[in-house]
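Peer 1: Let me begin by handing over the structure; questions about it come next.
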Amino acid sequence: MPRRRQAVTIKHVAADAGVSLQTVSRVINNEPNVRPEMAERVRGSISRLGYVPLIAAQRMGGSKSRLILALNDRDRTIAGWQSREGTDWVDQMLLGGMLTCGRHGYRLILELVDTHSDHIERELLGAIGALRPDGVILTPPHSQDPVILDLLERQGISIARIGSLTPGPGFSLVMGDEDAARMATAHLIALGHRRIGFIAGASDYELSGWRVTGWRGAMAEAGLADDLLAPGNFDYASGRDAADTLLAAGDPPSAIIASSDQMAIATLDRARELGLAVPDDLSIVSFDDTPIVRFATPPITAVTQPIAAVAALAVERIIAEQAQGEHPVAPQSVAAELTIRASTAPPPHSRHR
């Protein structure tokens, strides 16, 4: 059998360049206190020997790990993967986070965590102990979980909290969910709709409440009743149940806003089963704007959430906090957009006037 080639280590690089291990580590981490000619010599040795920096090397001399850990909801993510429908939230988070990390010489690692697990503290401590990340990006509902927040704060890790304004450690980033719901509702009101239903998201997500608040606010400003509210859980099954509830009302809606794409597709399917045409009899608006609503028939009007932009901002702020020691306090919001498609139109009574 051929002999395995010996792995090139940081010691080999230091010996080849004639410098200390600490100097090699500083060059790897792009630290400023290395003379240009010495840094060039170290980079030449790295290139010549084919050395690939290891996390352990990057931590020498107390330097940062240059790793950022993103935590996402395990059950919802795995369900999306297993159904082969994908998880656009994760895709967009990785897009924004990984590209931004790459520009700064960082790496982004995704971990899935079950908020309701009895072993969550043990799971997190295991991941943190193995990776020792400089910062953690928390997505809903982890971004408001007191157990997770307390554990990370005790570890002295920078915390970016997406979709939560609950008081706690770290800094908050939101996507204007209340304003987005107002915008979606205002779009339907401008088309002439007066009976507008709303399917809420999971109750353990703060942003679910913000969206309901935005819908109620827009309805109130227009002098319209907000009695067509149905609970949901972001998934297809809850969307069907909610659509049944709304469409069976004594004075049913001519338009429905769903708090997720899965629930919007469920509403579209249920409307067809009841003999309702979209948008002729019922207009539908969704949240998220994943591929399933773009390729639906008809394509569904949706709130396009800036997930990639928020993930990129989270990385930027974590890196700045690590470099400068500044702890941002004020929440920062990145506005969502409404992408109008063929699923919304004036209600039947307006078209026939």
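The values are calculated or read from the model by the stated rules, or taken from the named source; none is laboratory data. Nothing here was measured: the structure is a model prediction, and the numbers come from that model. Methodologically, a virtual Cβ is constructed for each residue, glycine included, from the backbone with ideal geometry; neighbour enumeration extends over all protein chains shown. The accessibility values were calculated without ligands, DNA or RNA, using every heavy atom of the protein model including side chains. Shrake-Rupley method; radii C 1.70, N 1.55, O 1.52, S 1.80 Å.
Peer 1: Taking segment 118-158, which residues are more than 25 Å from MET175 (Cα to Cα), without any contact (Cβ under 8 Å) to a residue 40 or more places away in the chain and open to solvent by 20 Å² or more (accessible area, probe 1.4 Å)?
Peer 2: If the condition is that a residue be more than 25 Å from MET175 (Cα to Cα), without any contact (Cβ under 8 Å) to a residue 40 or more places away in the chain and open to solvent by 20 Å² or more (accessible area, probe 1.4 Å), then ASP118, HIS119, GLU121, ARG122, GLU123, LEU125, GLY126, GLY129, ALA130, ARG154, GLN155, GLY156 are the ones that fit.
Peer 1: Could you check ALA184 against (1) touching a Pro at 6+ places or on another chain (Cβ under 7 Å); (2) buried (at least 19 other Cβ atoms within 10 Å of the Cβ); (3) at pLDDT 95 or above and say which number it fails?
Peer 2: Condition (1) is where ALA184 drops out.
Peer 1: Kindly evaluate SER259 against the criterion of being small (Gly, Ala, Ser), out of contact with any Ser or Thr (no Cβ under 7 Å at 6 or more places or on another chain), in contact (Cβ under 8 Å) with a residue 40 or more places away in the chain and under 30 Å from THR100 (Cα atoms).
Peer 2: no
Peer 1: Further question on the same structure: Anything in segment 255-288 that is open to solvent by less than 10 Å² (accessible area, probe 1.4 Å) and within 22 Å of the chain's Cα centre (by Cα)? List them, or say none.
Peer 2: ILE257, ALA258, SER259, SER260, ASP261, MET263, ALA264, VAL285, SER286, PHE287
Peer 1: Something else now. Assess whether VAL310 counts as being under 23 Å from ARG103 (Cα atoms), touching a Gly at 6+ places or on another chain (Cβ under 6 Å) and not charged (D, E, K, R).
Peer 2: It is false that VAL310 is under 23 Å from ARG103 (Cα atoms), touching a Gly at 6+ places or on another chain (Cβ under 6 Å) and not charged (D, E, K, R).
Peer 1: Return only the number of the condition from (1) open to solvent by less than 10 Å² (accessible area, probe 1.4 Å); (2) outside any loop (DSSP other than H, G, I, E, B); (3) closer than 24 Å to LEU313 by Cα; (4) not hydrophobic (A, V, I, L, M, F, W, C) that ASP179 does not satisfy.
Peer 2: Just one mismatch for ASP179, condition (1).
Peer 1: If I ask for residues that are more than 13 Å from the chain's Cα centre (by Cα) and open to solvent by less than 50 Å² (accessible area, probe 1.4 Å), which ones from segment 307-324 would you list?
Peer 2: If the condition is that a residue be more than 13 Å from the chain's Cα centre (by Cα) and open to solvent by less than 50 Å² (accessible area, probe 1.4 Å), then ARG317, ILE318, ILE319, ALA320, GLU321, GLN322 are the ones that fit.
Peer 1: Mind checking which residues of segment 297-306 are hydrophobic (A, V, I, L, M, F, W, C) and either in contact with a His (Cβ under 7 Å, 6 or more places away or on another chain) or surrounded by fewer than 21 Cβ atoms within 10 Å (Cβ to Cβ) (or both)?
Peer 2: none
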